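The values are calculated or read from the model by the stated rules, or taken from the named source; none is laboratory data. Just so it is clear, the structure is predicted and the values come from calculations on it, not from any experiment. Quick reminder, even Gly has a Cβ in these numbers, built from the backbone with ideal geometry, and neighbours come from all protein chains shown.
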Amino acid sequence: MAWEDYECGTCGKVFPAGWQARENHCRNHFAYKCHICDETWPTEKDRTVHENDEHCYYADCNRFFRSYNGIKMHLQSRIHRGEQMACPFYKRCFATATGIAHHVESSACPNAPHIDRDRVYHIIRSKDPHGAVSKKLLTWHGSDQYEATGQSWNRYAYECYFCHREFNRL
């Protein structure tokens with residue numbers, strides 16, 4: 001048998017020492033090589049799982065993440081899921097219901113500027129009095145309301161105790 005016959009069918013490496021050297025090489029050598037390290041895998045799926053778990057690498061986007069959870073979050077983003085959920089008040093679409101909730105609760109929706117988290121909660125509770133969707137709380141206090149008084153005067157302006165911005169009048 002010629003030395004050309006002792007060639008790895010996966011990577012093409014030639015083994016002039018004989019078939020035993022080739023067999024030893026092929027025993028731990030597979031077709032799918034990790035993009036980061038030298039490990040090989042029998043299937044593309046196995047390689048992908050290895051890259052995700054061991055290197056926090058997502059090959060389709062050529063991105064590294066700090067943790068596996070980062071990859072999961074990325075896969076839930078609008079890049080992969082699209083923006084299929086529409087705001088009920090505005091024409092803007094979001095990838096998740098959480099995105100719509102944040103948009104509305106933070107009063108960022110131009111067609112619903114007066115709806116905040118408390119208002120959303122009251123609307124949901126009015127439709128869900130038994131708490132099947134919303135938490136059944138013993139009491140609901142809502143968000144705290146703050147009001148500036150003359151005590152916020154700092155000899156120059158009225159100062160907000162939270163953000164420390166200064167205002168000329170109350």
Could you tell me which residue of segment 98-112 is nearest to residue 144 (Cα to Cα), considering only residues that are out of contact with any helix residue (DSSP H, G or I) (no Cβ under 9 Å at 6 or more places or on another chain) and modelled with pLDDT of 85 or more?
-> 102
Has segment 94-105 got any residue that is on the phi < 0 side of the Ramachandran plot and part of a loop (DSSP other than H, G, I, E, B)?
-> yes
Say we look at segment 55-74 and pick out the residues that are part of a helix (DSSP H, G or I) and touching a residue at least 12 places away in the same chain (Cβ under 8 Å); which of these is farthest from residue 100 (Cα to Cα)?
-> 55
If you scan segment 38-51, which residues turn out to be surrounded by 11 or more Cβ atoms within 10 Å (Cβ to Cβ) and modelled with pLDDT of 90 or more?
-> 43, 44, 46, 47, 48, 49, 50, 51
Condition check for residue 59: surrounded by 13 or more Cβ atoms within 10 Å (Cβ to Cβ) and of a type in the set (Gly, Ala, Ser) | yes
Look at segment 8-38 and say how many of its residues are more than 37 Å from the chain's Cα centre (by Cα) and among the acidic types (Asp, Glu).
-> 1
Extreme residue, modelled with the lowest pLDDT, among residues of segment 87-97 that are closer than 26 Å to residue 61 by Cβ and loosely packed, with under 15 Cβ neighbours inside 10 Å | 97
Pick from segment 136-153, criterion surrounded by 10 or more Cβ atoms within 10 Å (Cβ to Cβ) and assigned to a loop (DSSP other than H, G, I, E, B), ranking: modelled with the highest pLDDT = 148
Filter result (among the hydroxyl-bearing types (Ser, Thr, Tyr) and surrounded by 11 or more Cβ atoms within 10 Å (Cβ to Cβ)) within segment 62-86 | 68, 77
Quick one: in segment 7-29, which of the residues that are among the basic types (Lys, Arg) and outside any loop (DSSP other than H, G, I, E, B) is nearest to residue 44 (Cα to Cα)?
-> 27
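A quick yes/no check of all residues on (1) charged (D, E, K, R); (2) within 30 Å of residue 121 (Cα to Cα); (3) in contact with a Cys (Cβ under 7 Å, 6 or more places away or on another chain):
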residue	(1), (2), (3)
22	yes, no, yes
29	no, no, yes
43	no, no, no
61	no, no, no
